[in-house]
Amino acid sequence: MTQIRPGADDALIIVDVQNDFCAGGALAVPGGEAVVPVVNRLAALFPVVVLTQDWHTPGHVSFAATHGRQPFETIDLPYGPQVLWPDHCVMGSSGAAFHAGLSVPTAQLVVRKGYHADIDSYSAFVEADHATPTGLAGYLRERGVARIFVCGLATDFCVAWTAMDGRKAGFKVCVVEDACRAIDLDGSLARAWKEMGDLGVARIGEAAFARA
Ligand code: VGL
Ligand code: ZN
């Protein structure tokens, strides 16, 4: 396979590399912090770099405690099923801050998501009601982006939903697998790869990129 050299119409979307998803965090993804050096290397290759930041209100609808339930149960909300999580990424908290090792000085946009108290947002494009846009598709289009590469946390939730919504918005999409880590709840990782594949999301590794 020919090596990928990102050009002017390629963007890197770095999903939720935040303290709460790394070791010691409120919703630690196994090995989450291991993506940091890989993501830092990738970011240096791209002309357009976007960070996303999970950013919830206190008492957010996605928090188990809000409903008096246990984390990792699923409930039905008006917009569909919702997995309940430990309180995490509360806006302005240290858990919501980017991992201290993340070094992406060229990043140009931070998309915060999940800030409506009653709607979650795994996707960086559209909130979990499948209706409320974040504005990211318009931003990328105005900047002439045609293809996005998605990396970060977690593969089976925010990375997958962002990748799939990127396809639905008309972008070519590649997920860089070794720059991601998964939560893997009840087979969610295998399901996510299947659903991403069905939508035409390509699965690649860092090795697919030509060395600068
Ligand atoms: C995420 C669960 C809850 C993620 C965010 O970044 O994948 N997962 N909030
Ligand atoms: Zn969240």
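Of the set (1) modelled with pLDDT of 95 or more; (2) more than 21 Å from VAL83 (Cβ to Cβ); (3) of a type in the set (Lys, Arg), all apply to ARG211 but (1).
With respect to GLY135, determine if the residue is closer than 21 Å to PRO47 by Cα and crowded, with 18+ Cβ neighbours inside 10 Å. Taking the combined requirement at face value, the residue does not satisfy it. Selection within the stretch 43-63: residues that are among the small types (Gly, Ala, Ser) and away from ligand 2 (no atom under 11 Å from the Cβ). The member of this set that is farthest from PRO105 (Cα to Cα) is GLY59.
Picking from residues in the stretch 47-86 that are polar (S, T, N, Q) and assigned to a loop (DSSP other than H, G, I, E, B), the one that is surrounded by the most Cβ atoms within 10 Å (Cβ to Cβ) is SER62. Taking the stretch 87-101 as the range and being in contact with a helix residue (DSSP H, G or I) (Cβ under 7 Å, 6 or more places away or on another chain), touching a residue at least 60 places away in the same chain (Cβ under 8 Å) and either outside any loop (DSSP other than H, G, I, E, B) or under 26 Å from GLY138 (Cβ atoms) (or both) as the test, the residues that pass are CYS89, SER94, GLY95, ALA96. Just one of (1) more than 13 Å from ligand 2 (Cβ to nearest atom); (2) assigned to a loop (DSSP other than H, G, I, E, B) fails for GLY25. It is (1). Sort out which residues of the stretch 131-153 are closer than 26 Å to GLU177 by Cβ and either within 16 Å of ligand 2 (Cβ to nearest atom) or in a loop (DSSP other than H, G, I, E, B) (or both), and write them in order of number. THR134, ARG143, VAL145, ALA146, GLY152, LEU153 - these are the residues of the stretch 131-153 that are closer than 26 Å to GLU177 by Cβ and either within 16 Å of ligand 2 (Cβ to nearest atom) or in a loop (DSSP other than H, G, I, E, B) (or both).
The values are calculated or read from the model by the stated rules, or taken from the named source; none is laboratory data. Please read these numbers as outputs of a predicted model, since none were measured by experiment. FYI the Cβ positions are ideal-geometry reconstructions off the backbone, even for glycines, and counts take in every protein chain you see.
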